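All remarks here apply to the structure that follows.
The values are calculated or read from the model by the stated rules, or taken from the named source; none is laboratory data. Being a predicted model, the structure only gives us computed values, none of them experimental. Positions of Cβ are generated from backbone atoms using ideal geometry, with glycine treated the same way; all protein chains shown enter the neighbour counts.
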Amino acid sequence: MCEFCTQHGEGKKWYLQAKNYSEELLNEQRRQFMAEFFGDFEHVIGDKVAALDKAIATDAAGAKALFPMVVEQQKRDHWGQVVPVEEIEQILDMSLSVVRVPCACRSMLRGFREARYCFGVTGATSAAKALSVADYPDYKDLEVLNTEEAKAAIRKLDREGLVHSVWTFISPMIGGICNCSVNECMALKTRTRLGLQTMFKAEYAARVEWEKCNGCRNCMKVCNFGAISYSAYSRKCSVNQLQCYGCGVCRALCHRDAITLVERAAVPALAGEW
């Protein structure tokens, strides 16, 4: 398991521990963190995201030199991990309140203010109150969803090939679910293009069941990580599990149910690959 499971999961998956969604974790330090994060979001976060995105595209070496401090801050304050859709649904079942908000990365990079791919989750009865975003102009238009509405929205994004991940407001308090692509998400960009661990891979890796695969290659179309290849000789697809992040979105387009997720820890070559 990843280091967060060891620290905050009592040997189990850290993001499936109800205590990590508890309103009791919302202390003054976390409130201050969220106030700073949301309070001047458009200016502070926007400038950082735009600058980093440009650096990644034009000067990877220079961008990489900027990131050690960012990675350390992520580990300390705002860490995330890829999670498959069925476990996202378990998270939603544990949450008492769910809100949908504009996607930070899409807003900053593309100007898509109504691209609502991000969800705030909390064990409090009022997400808007607990997440402390109602007082900030950029996040006043919260969409409050019930559990089934949130699950339906996430499933739709899963079919669109978006990778799901959970994020903390200073570990171990989980506050958000992100649904993004490797071309839009800054965390995924820095992880895949710069090789810096700004987030963890999932607790799983995908595997193609050879006898079921008919080589349609639908899975290849939605793989964000280039982990799926096709053999013209066998007319089958296969997964490079070292390259796979275990998001599982490839399963949504497989009409033969030929793709399954296996526990990362059960594959010796993947046990330490996060």
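Please count how many residues of the range 176-186 are surrounded by fewer than 21 Cβ atoms within 10 Å (Cβ to Cβ) and part of a strand (DSSP E or B).
1
Which residue out of Asn240, Asn218 is more than 25 Å from Gly80 (Cβ to Cβ), at pLDDT 95 or above and either assigned by TED's automatic domain parsing to the domain that holds Arg106 or of a type outside the set (Gly, Ala, Ser) (or both)?
Criteria check complete, one pass: Asn218.
When you check Gly195 against the structure, is it out of contact with any Leu (no Cβ under 8 Å at 6 or more places or on another chain) and among the small types (Gly, Ala, Ser), yes or no?
It is true that Gly195 is out of contact with any Leu (no Cβ under 8 Å at 6 or more places or on another chain) and among the small types (Gly, Ala, Ser).
Look at the range 197-214 and say how many of its residues are more than 13 Å from Cys247 (Cα to Cα) and surrounded by fewer than 17 Cβ atoms within 10 Å (Cβ to Cβ).
Total meeting the criteria: 6.
Listed here are the residues, each with its yes/no results for (1) hydrophobic (A, V, I, L, M, F, W, C); (2) under 24 Å from Pro102 (Cβ atoms).
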{"position": "Cys180", "(1), (2)": "yes, yes"}
{"position": "Arg207", "(1), (2)": "no, no"}
{"position": "Arg217", "(1), (2)": "no, no"}
{"position": "Asn224", "(1), (2)": "no, yes"}
{"position": "Ala227", "(1), (2)": "yes, no"}
{"position": "Tyr230", "(1), (2)": "no, no"}
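Mind counting the residues in the range 212-231 that are part of a loop (DSSP other than H, G, I, E, B), within 20 Å of the chain's Cα centre (by Cα) and at negative phi? Talk me through it step by step, then tell me what you get.
From the range 212-231, those part of a loop (DSSP other than H, G, I, E, B) are 212-217, 223-227; that's our starting set.
Pick out the ones that are also within 20 Å of the chain's Cα centre (by Cα) and you get 223-227.
Filter once more, keeping what is at negative phi: 223-225, 227.
Qualifying residue count for the region: 4.
What are the residues in the range 232-251 that are outside any strand (DSSP E or B) and buried (at least 18 other Cβ atoms within 10 Å of the Cβ), if any?
Gln241, Cys244, Tyr245, Gly246, Cys247, Gly248, Val249, Cys250, Arg251
Quick one: Thr192 ticks every box in (1) within 22 Å of Leu16 (Cβ to Cβ); (2) modelled with pLDDT under 85; (3) outside any loop (DSSP other than H, G, I, E, B) except a single one, so which number is it?
(1)
What are the residues in the range 20-33 that are assigned to a helix (DSSP H, G or I) and surrounded by fewer than 16 Cβ atoms within 10 Å (Cβ to Cβ), if any?
Residues satisfying the conditions are Glu23, Glu24, Glu28, Gln29, Arg31, Gln32.
What are the residues in the range 137-175 that are modelled with pLDDT of 85 or more, surrounded by 17 or more Cβ atoms within 10 Å (Cβ to Cβ) and over 13 Å from Gly80 (Cβ atoms), if any?
Listed by number, the residues that qualify are Leu145, Ala150, Lys151, Ala153, Ile154, Leu157, Asp158, Gly161, Leu162.
Out of the residues in the range 196-211 that are part of a loop (DSSP other than H, G, I, E, B) and more than 25 Å from Tyr230 (Cα to Cα), which is modelled with the highest pLDDT?
So in the range 196-211, the residues part of a loop (DSSP other than H, G, I, E, B) come out as 196-199, 201-203, 209-211.
Retained after the next criterion (residues that are more than 25 Å from Tyr230 (Cα to Cα)): 196-199.
Values: Leu196: 73, Gln197: 77, Thr198: 78, Met199: 85.
The selected residue is Met199.
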